[in-house]
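Each reported figure results from applying straightforward, stated rules to the coordinates on display, with no laboratory input. This structure is a prediction, so every number in the text was calculated from the model and none was measured. Reconstructed Cβ throughout: ideal geometry from the backbone, glycine too, with neighbour counts over all protein chains shown.
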């Protein structure tokens with residue numbers, strides 16, 4: 001009887017810790033959603049700046065997204081190359097993105113790999 005109570009108690013503690021751990025994950029850079037007049041939901045576009053600042057290390061293009069913490073902007077590494085007309089250093093763009101759980105490409109020591117879509121020049 002004593003071992004059964006102890007096992008139940010330990011199981012309850014482990015379950016609580018797992019639930020707490022899952023709820024406290026930080027989700028960086030999740031785009032907000034906007035609701036249109038017709039009640040449909042669309043993703044709010046993210047604004048960013050194309051940069052070639054890491055080209056010397058072998059990282060072709062990144063996108064810098066300003067955040068409230070100006071000292072630590074979000075650096076996105078596009079999985080696929082940007083269209084030629086938008087791959088211009090310093091160009092301000094709007095886009096949607098989804099971060100990926102893949103290794104950083106060679107030469108890209110900073111940044112988060114991301115799938116970039118709906119690119120437009122600002």
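Out of all Cα-Cα pairs in the stretch 33-121, roughly what percent, to the nearest whole number, are more than 22 Å apart? Cα-Cα pairs in the stretch 33-121 separated by more than 22 Å: 27 percent. For the modelled label position 7 Å from the Cα of residue 67 along Cα-to-Cβ, which residues of the stretch 93-122 have backbone nitrogen atoms closer than 12 Å? Residues passing the 12 Å test: 111-112. This ranking places 14, 88 by how few other beta-carbon atoms lie within 10 Å of each, fewest first, which gives 14, 88. When 4, 99, 46 are arranged by Cβ crowding within 10 Å, least crowded first, meaning fewest neighbours, the order is 4, 99, 46. For the pair residue 92 and residue 9, label points projected 7 Å from Cα toward Cβ lie 6.2 nm apart.
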